[in-house]
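The structure appears below as C-alpha cells.
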Amino acid sequence: MTENLAPATVLQKTDDVLMTESEGVTVLMSMTTGNFIELNGSGAAIWEAIDGSQNQAAIIEHLQRTYQIGADQCAADVTEFSAQLLAEGLVQEAASA
Amino acid sequence: MDITSDIRLNSVPEVPDSSKAGTVGFRAGKPPQTLTEPDIHCPRFCARDDEVLVRIPQVGRFHIRSGSLVEYCVDDEASPQDAVPFLLGSCLGALIHQREGLILHASSVVRDGKVFLICGRSGAGKSTTTAHLVNAGGSTLGDDIAVIGKEDPHFVQPAFPTANFSRETLNGLGLAQPTQNDPVTRQGKFTIETGHSFENRPIPLGGIIAIERTYGKRELTRLSGAKALQTLRRHTYRKSYLTKKRAQLAFAGWSKIAQDVPLYEIMRPHGEDTLQEVLNHAEQAIKNMMNEHRENV
C-alpha cells in the first residue's frame, strides 16, 4: 500500500540515484538500496517533472495539460509513482524555502 | 592480470618482470588496523575509493591499494597458504574495482570464438553447469570470476586454470575422486586443475546467463532494461566493496554491457534434480545468443 502525498509536497531527486538508458528504456538505481526501477512513458514524464520546485499539484496539472489525460487518473498515477520513488529512496521531500 | 607474489600461488603463473606495467603485487607487510575516514565500514572490511582493508578471522589482514598492490599479514594460527584463496578472490575483486574494471562472479564456456559467462550465487550450480557445457564441446576462461573489458567487443580475461567441484559433481562428470592432498575450499569443494580445457587468452564476450534459484518457478528468459542491470549488479564480484564513486562507474559499465551483449536468466527450482533441464536451457540460450551475433554481423 502506498501513502498518498499531499498536493503541496515538493519532491527532489536524491544524490543517491543513478540513471541510464538501456535498450530504449530509462532505468534508475538507488545506490542506497541497490534497487532498480524501469520507467515507462508516464513514469519517465513524472520523473522528469520532479525538479525540487514544483509541488505534486503543479506536476499533476502540468502532466494533465501536456498529455490530455483525465484529472483523476493523472493524480492517481503521479501520487502512486511519486510514493514509490520516495519509498525506494530515489526522491526526498525538498526542504522548505 | 599479471601477478607477482611472495607466496606460491599454485596454478597461477608468476610474471618474471615485476616492473611490467599493470602488474599486481602480493607482498607480506604490516597492513593498518583500520582506514582513516572510510566510505564503507563493516566488521570484516572497510573501504575508500582507492583502498580496501579486509580482515578474515583466523587468516589475516589484507590491504588492497591503488589497483596494484596487496599488502597482507597472516594471523599466528594461520599459514601463508591460507591467505592464497583470499588474495586470488576478495583482494583481486577489490583490485579490479580500483582499476575501474568489471568483474562478475561467473564461470565461462568458450564456443566458436566467443565466451559465454554463467553467473550464479554459491549453490546455484554454475560450476557444474559450466563443466558439463565444456565437456559437451568447448573450453573455459575460468571457474569463479570473470574480468570483462569495458569497450565493445568486451574481451574477457583468462582467470585461473582451476575449478571447484563437489564430490557429487566429480562423480557426474566421471572425473577421478579427489585425494587427501587436493586443496579443499571453505565450502567443502575440491579444487581441480582444468589445464587441458583452459584458454589462456582474452576472448570476446558472447553473452551472459544467470542461474537463479527459485521456489517452483522454472523458465528461460531473455533479460532487458532494469532486470538486466539488476542481474549484472547482483552478480558483480565483491560489490559490497564499491564506494559511491565506484558504484557510479560500475553502473555505467553494467549499462554498456546490457546494451552490447545478450543476457539470459534460468530459473531453477530448489530441491529438485534439474541439472539436465538447466543444461538444456543453457544450450538454448547459447544458441540464441550466437544467432543474435550472426544477425548483427
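The values are calculated or read from the model by the stated rules, or taken from the named source; none is laboratory data. Given the structure is predicted, the values throughout are model-derived calculations rather than measurements. Methodologically, a virtual Cβ is constructed for each residue, glycine included, from the backbone with ideal geometry; neighbour enumeration extends over all protein chains shown. Calculation scope for accessible area: heavy atoms of the full protein, side chains included, ligands and nucleic acids excluded. Shrake-Rupley method; radii C 1.70, N 1.55, O 1.52, S 1.80 Å.
Using only the Cα atoms, what convex hull volume per residue in Å³ does region B:58-151 have?
Cα-based convex hull of region B:58-151, divided per residue, equals 113 Å³.
At a threshold of 8 angstrom on Cα-Cα distance, excluding pairs fewer than six apart, so keeping six or more, what relative contact order does region A:12-89 reach in percent?
That works out to 27 percent.
Just checking the output field for A:38-49: average partner chain Cβ neighbours within 10 Å of each residue's Cβ?
Mean partner-chain Cβ count within 10 Å for A:38-49: 1.
Just the accessible area for B:Arg234, please: 1.4 Å probe, Å², rounded to the nearest 10?
That residue has around 60 Å² of solvent-accessible surface.
For region B:1-106, state the average projected area of the convex hull of the C-alpha atoms over all orientations, rounded to one decimal in nm².
So the mean shadow area of the Cα hull is 7.0 nm².
List for region B:209-227: residues with 40 Å² or greater reduction in accessible area, all protein chains versus chain alone, probe 1.4 Å?
Listed in order, they are B:Gly225, B:Ala226.
Average partner chain C-beta neighbours within 10 Å, per residue of A:28-37?
The shielding value for this peptide is 4.
For region A:12-89, what does the accessible surface come to per residue with a 1.4 Å probe? Please give it in Å².
The answer is 49 Å² per residue.
What accessible area, in Å² to the nearest ten, does a 1.4 Å probe give for B:Lys287?
Estimated to the nearest 10 Å², B:Lys287 gives 120 Å².
Please compute the average number of Cβ atoms from other chains found within 10 Å of each residue's Cβ in peptide B:247-253.
Across B:247-253, the average partner-chain Cβ count within 10 Å equals 3.
Counting pairs of alpha carbon atoms under 8 Å apart in space and at least six apart in sequence, what relative contact order in percent does chain B give?
16 percent
For region B:71-220, what is the convex hull (Cα atoms) projected area averaged across all directions, in square nanometres?
Quarter of the Cα hull surface area: 11.0 nm².
Setting aside same-chain residues fewer than 8 positions from B:Lys244, which lysines have a Cα under 22 Å from its Cα?
Straight-line reach from B:Lys244, under 22 Å: A:Lys13, B:Lys150, B:Lys227, B:Lys256.
Kindly express, to the nearest 10 degrees and within the range 0 to 90, the angle between helix B:244-260's C-alpha long axis and the longest C-alpha principal axis of chain B.
20 degrees
Give me the percent of DSSP beta bridges within the protein assembly as shown that run antiparallel, rounded to the nearest 5.
Antiparallel bridges make up about 75 percent of those DSSP assigns within the protein assembly as shown.
Hey, can you find the accessible area per residue of region B:153-229 for me, probe 1.4 Å, expressed in square angstrom?
55 Å²
Mind checking the dipole of the protein assembly as shown: about its Cα centre, +1 per Lys or Arg Cβ, -1 per Asp or Glu Cβ, Debye to the nearest 20?
780 debye
Could you please put A:Met29, A:Met19 in sequence from largest to smallest accessible area, using a 1.4 Å probe?
A:Met19, A:Met29
Take B:His132, B:His196 and sort them by solvent-accessible surface of the protein heavy atoms, 1.4 Å probe, largest at the top.
B:His196, B:His132
For B:Ala28, what residues show an amide H to amide H distance below 5 Å, using hydrogens built from the backbone and excluding near sequence neighbours?
Under 5 Å from the amide H of B:Ala28: B:Asp6, B:Tyr72.
P(r) for region B:60-112, please, calculated from all Cα pair distances in 5 Å bins and given in %.
Pairs per bin, as whole percents: 5, 18, 24, 18, 15, 11, 6, 2, 1, 0.
Put B:Thr4, B:Thr179 in order of accessible area, largest first, 1.4 Å probe: what do you get?
Result, largest first: B:Thr179, B:Thr4.
In the protein assembly as shown, carbon and sulfur make up what percent of the accessible area (probe 1.4 Å)?
Answer for the protein assembly as shown: carbon and sulfur cover 48 percent of the accessible area.
Output the Cα-based Rg and Dmax of region A:12-89 in Å, rounding Rg to one decimal and Dmax to a whole number.
12.5, 36
Let me know the whole percent of all Cα-Cα pairs from the protein assembly as shown that are separated by more than 33 Å.
Pairs farther apart than 33 Å: 40 percent.
Under the definition of Cα pairs under 8 Å and six or more residues apart, what whole-number percent is the relative contact order of region B:3-98?
Over region B:3-98, the number comes to 24 percent.
Taking the Cα atoms of chain B, what is the range of coordinates along each of the three principal axes, in descending order and whole Å?
So the extents along the principal axes, rounded to whole Å, are 51, 45, 41.
What is the helix-to-structure angle for B:225-234, meaning the angle in degrees between its Cα long axis and the longest Cα principal axis of chain B, kept from 0 to 90 and rounded to the nearest 10?
40 degrees
Please report the buried accessible area for the interface of B with A, total over both chains, probe 1.4 Å, in Å² to the nearest 100.
In total, this chain pair buries about 1300 Å².
Please get the size of the charge dipole for region B:137-247, origin at its Cα centre, with Cβ charges of +1 on Lys and Arg and -1 on Asp and Glu, quoted in debye to the nearest 20.
820 debye
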